[in-house]
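Let me begin by presenting the structure, written as structure tokens, before commenting on it.
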Amino acid sequence: MDMLAPTARLDDHFAPWPIKPAIDLELLQETRQRIENLASKQLRNLPRLNDASIFGEHVSAGYEEGPLLLLEDHRGIELMPDDRVASHEYRMLALARDEDFLLMSRPRIQSFEAYSRQVFDRDGPKIIEVDRGDSRLRVPLAAACLNNEQVLSRLATAAASAGTLNICPYLSTGHDWLLADEIARRSGCPVQICAPLPQLSRLVNDKLWFASHVKMVLGKDSVPPTYAVYGPAAAVAILSKLARSHARLVIKLPASAGSMGNLVLESEYVRSLASRELRDELLERLHAIGWRDRFPILIGVWEVAALASPSAQVWIPQAGQGVPLIEGIFGQILSGKSQSFIGAAAIDLPQPLEARFYQEALEISYYFQCLGFFGRMSLDALLTGRDLNTATLHWIECNGRWGGVSIPMTAARNLPGIGGSAELLVVQRVFRDSNIAGFATLLKNISSWTYASDKGEGAVFLEPTDKFQQNVTFFVVSPSPAAARRIGSSVLEVVTPDALGSAA
């Protein structure tokens, strides 16, 4: 694989912890040319896809050596419940250096911040608090910052002192870029966004757009049967047709993250309903999950014989600084009928399948890079069939942002005393009905399994737990997968005894 350019300092900082030895990947010149031609055609159809001029002449995608402003805001994700918008704001604390800033709106928890300083053996970034105001207004974090004179002044002063500032958002949105423009205007210094422009960010995170473009890059059999539907009558027609030959169907809201916008239907039930009944049932259930009558929606086949749900973790440097880096394959741990993400671990696949997975992930990522994408990405797939040796590989969605695997796998390299051969297990759960202890109490109860540099293994929490926010998000590093699972299970059993089953 092409090495990253020496000037790509952000790639050095955000380089992942090597889960396994890098696989030597390359793109043949013929493949490169084909993908570049496809991207050029799309760019002719969307001439302003990479036009940053609306955000001012001193704002651009990229990175210059200097402080980072990190912010994890889930407001831009469709269907995200109000009570969970600020729930993960602490996670990117693990990615920050001492000279950086972390922007957040949730109440600070000093015991967690002290823990983070201790486990990563550093002072940590400067945390800037901003008030979003009335939660019903759904104000994005960057927008709240734009309305806070004190915060803006502090960031502009930091940019002027360093000669620049970099903003690293969880998901690139227009509000992040407008914030960059205001800081650049006040400081007189360039500001970079460590992510693609928001117009490209919206496209790659759209499941329908992703499916149609992967088919262009890899062929029509690279994705499950997928249809874009523009009205209730068309939805009924497509569902009725698919129900005749498939056991289970799925409706997805294209811009939602993960399983939040998934509606799974049994084909037997679909066949039992008259057209009018199916239409009413469909609309009622979609509205129940937060749909706002916005078309198109995605209708497809829910692949019931899935052997695994692997994801490719990808870092895409700016064009000219190397081809995309496919960092590893993680097997997603999914739960429930809608297959909600609750964790992940690095997995091995049979060699021919693994080679194909890496190669196809590289081709998809290179296409996105040719369109102008820069930064963090994961590509989710399904493996179906009788066994892994003969499995069918289908690509199902792209997360063009940081996420529940990329944050811990990148944070892990910052741990003191870690070895490159360790295994990584990620656990991310929400227990709404459990009485979870506050974080200080939790640390005392799980002290035997928390990470320490002299042990070189243990659990590392990426966000606190408390009675108001019952998330459990941590990762485990250990010399072996079995040891990692044992530690993860032990921690979960203390956090909430009834959670042990499917989480680890």
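Residue 472 versus (1) assigned to a helix (DSSP H, G or I); (2) modelled with pLDDT under 85; (3) not acidic (Asp, Glu): which is the lone unmet condition?
Residue 472 satisfies all of (1) assigned to a helix (DSSP H, G or I); (2) modelled with pLDDT under 85; (3) not acidic (Asp, Glu) except (1).
Yes/no per residue for (1) among the hydroxyl-bearing types (Ser, Thr, Tyr); (2) on the phi > 0 side of the Ramachandran plot; (3) at pLDDT 95 or above; (4) surrounded by 15 or more Cβ atoms within 10 Å (Cβ to Cβ):
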{"residue": "20", "(1), (2), (3), (4)": "no, no, no, no"}
{"residue": "42", "(1), (2), (3), (4)": "no, no, yes, yes"}
{"residue": "70", "(1), (2), (3), (4)": "no, no, yes, yes"}
{"residue": "80", "(1), (2), (3), (4)": "no, no, no, yes"}
{"residue": "83", "(1), (2), (3), (4)": "no, no, no, no"}
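Can you name every residue in the range 359-407 that is in a helix (DSSP H, G or I), at pLDDT 95 or above and under 22 Å from residue 424 (Cα atoms)?
Step one: list which residues in the range 359-407 are in a helix (DSSP H, G or I), which gives 359-371, 388-390, 406-407.
Going one step further and asking which of them are at pLDDT 95 or above, we end up with 359-371.
Passing the criteria: only 361.
Take the range 90-130 and flag every residue that is assigned to a helix (DSSP H, G or I) and either among the basic types (Lys, Arg) or on the phi > 0 side of the Ramachandran plot (or both).
Passing the criteria: 91, 117.
Where the second residue is surrounded by fewer than 20 Cβ atoms within 10 Å (Cβ to Cβ) and modelled with pLDDT of 95 or more and the first is among the basic types (Lys, Arg) and lies in the range 155-171, which pairs have Cβ atoms under 6 Å and are six or more apart or on separate chains?
Hits for this filter: zero, empty list.
Mind checking which pairs have a first residue in the range 118-135 that is surrounded by 12 or more Cβ atoms within 10 Å (Cβ to Cβ) and a second that is basic (Lys, Arg) and at pLDDT 95 or above, Cβ under 7 Å, 6 or more apart or different chains?
Taking only residues 6 or more apart or on different chains, the pairs are 124/117; 128/154.
Looking at the range 286-294, is at least one residue more than 23 Å from residue 208 (Cβ to Cβ), hydrophobic (A, V, I, L, M, F, W, C) and more than 21 Å from the chain's Cα centre (by Cα)?
no
Determine, yes or no, whether residue 90 is over 25 Å from residue 464 (Cβ atoms) and of a type in the set (Phe, Trp, Tyr).
No; evaluated as a whole, the condition is false for this residue.
The values are calculated or read from the model by the stated rules, or taken from the named source; none is laboratory data. None of these values were measured; they are calculated from a predicted model. Please note: Cβ atoms are built from the backbone with ideal geometry, for glycine as well, and neighbour counts cover all protein chains shown.
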